[in-house]
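To keep things clear, I will list the structure first and then write my remarks on it.
Values in this text are rule-based calculations from the coordinates and carry no lab data. These numbers come from a predicted model, not from an experiment. Don't worry about glycine lacking a Cβ; one is built from the backbone with ideal geometry, like all the others, and counts go over all protein chains shown.
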Amino acid sequence: MDGFKPVEELKGIGEKTGKLFHKLGIETVPDLISYYPRAYDAYEAPVPIGSLEEGKTYAVEGILTKSADLLRFNHLQMVSVILKDLTGTLQLAWYNMPYMRANLKVGSRYIFRGKVAKKRGRMVMEQPELFHPEDYAAKVHSLQPIYGQTRGLGNKTIVRAVSQALAQRPMEREYLPEYLRSRYQLAEYNFAVEHIHFPADTQELLFARKRLVFDEFFFFILAVRRLKEKRDGKKSPYTMAMVPEVERVKENLPYALTDAQERALKEIMEDLTGGMVMNRLIQGDVGSGKTILAVLALLLTVYNGYQGALMAPTEVLARQHFESISSLLREQGISKTPVLVTGSMTAKEKREAYQKIASHEADIIIGTHALIQEKVLYDNLALVITDEQHRFGVGQREALGEKGKTPHIMVMSATPIPRTLAIILYGDLDISVIDQVPASRLPIKNCVVDPGYRKKAYDFIEKQAAQGRQAYVICPMVEASEMIEAENVLDYAKELRKVFPPSITVEYLHGKMKPKEKNKIMERFADGEIQVLVSTTVVEVGVNVPNATVMMIENAERFGLAQLHQLRGRVGRGSYQSYCIMVDCSGEEETGKRLDILNRSNDGFYIASEDLKLRGPGDIFGLRQSGDMEFRLADIFTDADILKNVSKEADSLLKEDPELEREEHRELKRRLAAYLTKSYERLNL
C-alpha cells in the first residue's frame, strides 16, 4: 500500500540516513507523520541585555559600533564582537565560522538569538543566529518543532523529512462524528496532524493537540470497553477452593501483611473461589507489597491443580521474580515447579521450557511478553498476572486473557493514578488499592537542589559507594541534542568516570540499547558489580536492587511528579537509609513549588492528586508521566478532563450503536479495527 512506503523513498533520505530513522522507530512515512515533536522552540521578542540570565536562550537587538575581531588559538578560529544597548554589553562569539566577520557591518542593526553563558565574569552568546530586524519580526511568536534525535540525525533533517511527508500524504477521511467535534471544539483530523508539527502559534498548537489527545483516549477506551464486554459476568471454568497450604505460607512469612494487603488478598481469594472469572487490578505504591499477593494467588491456583503465569515488562524483572519465587518455594518446602520464559533464552532453553509447560511439569510460569507467543502451550492455565500493567497495551491485555480457556486475570500497577482516572483506564477490571507501606521501610530522605550542589552530591555518592552502597543517576536524554538543553546519559557517564576514582564502576543504560545489552547492565548492577548507573527513565520499571541507596535526578523539572515518584521508588528497598536528590536546573519559582510536593511526601497517591491540581494546559511538553499506555501525546494527568469527557462519550456511543454499524460510525469502526491490529502487532506474534 502506497501510504506505507518506506521512509527511504522520501527525497534526501538514503540508506544511511534511513537506518538512523529506523533507530528512532521510524520505518515508514506514516511512522514519520506520527513522530510528534517533543518540544517547540518559541521565537520570542528581543529582550534588554541587562535582563539576560545564564543558561537560557534569548533574542537581543542592537547596533554594532565596532568591527568584529577574528582570533586564532589552538587550531580554533573565533569571530568575536561586542553588542551594547542601554542596559549592558554582551560578547557574541562564533567558532570556526570566519565568514561571519564579513556578515557583520558596523552601524547596522541586528537581532541575535542564542544561548547565554557566563565566561570569565562576562555574559557571552555563542554561535548565535543572526537576523535583520524585518526577518526576525516575521518569526516572532512562531514555534519551531524539536524532535527526539539520535547521533548523526539532527533536527533540521527530521523537520525537512516531516515537511515532505506532510506535503505528499493523501488527505484522510474524518472519522469522529460531527456532533463530538462540535461539542468539544475539536480540530478536523488532517488539520490537527499538520499543525501538531508546524503550528503558527501556541493557540494553534493547543487546538491541534487537543484533537489528537481526544483521539488517543477515544480509541483506547473503546478498546477497553470491548474487552470489558468480552469478560463481564463470565463463569470460570477453573473452580478453586481454599487450601490450608496458602494460609501456612502466609503465616511462615518473616513479616506480617499490612491491613491494606490483607484487604486486597481477601478480595483476590474471593474472586478466585467465587465461580466467576476474576478481572482485578491491584494498585499499590512502590514497595507496598503487591508481589507477595501475586505469589499467594499463584499458590492457591497450583494447589488446585492448575497452572499460573506471571508476566513482567523486562527480562531482568522477570528473572528476579523467578529467583525470589523459587527461593520462597524452597524455604517453605513446597514441591511446585516454576519455569522462566524470556526472549533472550537460547532455542534449546525455550524448547525445554515449552515442553515443561505443555506437560504440566511446570506449575508457575514466569516471563516477559514471550509468555503470549503462539509457541507457548499451557495445560490448564487458570491465572494470569501481569506486573506493571500500564506497560502492556490493550492488545497484550487481550491476548493474555485468551491463552487457555478464559483464565482469571490479575494485574498489578505501581503507578499511583487517582481512583477516578483508574476506573476509566482500567474499566474492564475491578480495583483493589494497597495504600499502606510496610512499617519496616525507612522513609526516603528527599532534597531539591540547584546545579551548584552537584559536587556535594558526587562526594555523597562516593561515600555511599565506599560503604558498599550503589546509586542511580537519571538524565532526561540519551545523547546531546542540538536543540534541547538537558543532561544526557552518554556524556554524563563519561564525566562521572572522570569525577569518581577507578574503584567506582560507572555504566550507562538507555532504551535504545539492544535488549541483551540492557539485561547485562541491569544484572551487573543488581549483582553489585556497578556502583553508579547513569540511565534514562528506562529504570523506572526495572529491577529490585535493595543495595541502591541514592537516586539523583538531573533536570528534575523536565519530569512529571508521578514519574519522579516512580524513579525515587527504585531506592529505599533494603534496610539502609536511602536518599533522593532532585536537581532543578530551571531556576523558576513555580517549578520549585511543584518539586517541593515530593520533598513533603512519599505517598504516591497524594503526589498524583496534588500534581493534578497544579498542572495546567500549558504544561504539555517534556512532562509526560503516565508511562506507555499506547499514548504518544496524551497524558492522563495533564489531560484528565479530556479523559473524563471521552469516557462519557464512548459509553454513550456504544450504548446507542454497540457494533458501530451506523453509516456515520463506519469510518470510526474501520479505524478502531486498525488500532487494535496495531496493538496486537506490538506483541511480535
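A few remarks follow.
- Distance between the range 425-504 and the range 640-658 - C-alpha centres, whole angstrom: 39
- Neighbour-limited loop hits for trypsin sites (Lys or Arg not before Pro), the range 149-197 (at most 13 other Cβ within 10 Å; DSSP other than H, G, I, E, B): 151, 173
- Each Lys or Arg adds one and each Asp or Glu subtracts one; over the other residues with Cβ under 13 Å from the Cβ of residue 68, this totals +2.
- Comparing Cα centroids, the range 73-109 and the range 277-335 end up 65 angstrom apart.
- Loop GluC sites (Glu not before Pro), the range 269-374 (other Cβ atoms within 10 Å of the site Cβ: 14 or fewer; DSSP): 361, 374
- The trypsin sites (Lys or Arg not before Pro) of the range 1-101 meeting both criteria, a DSSP state outside H, G, I, E and B (loop) and at most 10 other C-beta atoms within 10 angstrom of the site's C-beta, are 11.
- Once you reduce the range 244-269 and the range 1-58 to the center of their Cα atoms, the two points are 52 Å from each other.
- Residue order, fewest to most beta carbons within 10 Å, for 551, 78: 78, 551
- Anisotropy class of the range 431-575 from Cα gyration tensor, a/c 1.5 cut: rounded
- Relative contact order (percent, whole number), the chain, Cα cutoff 8 Å, 6+ residue spacing: 13
- Calculated FRET value between residue 127 and residue 520, using beta carbons and R₀ = 30 Å, to 0.05: 0.20
- Counted over the chain, the DSSP beta bridges are approximately 40% antiparallel.
- Computed [θ] at 222 nm, helices only, for the chain once each DSSP H run of length n ≥ 4 contributes -39500 (n - 2.57): -12000 deg cm²/dmol
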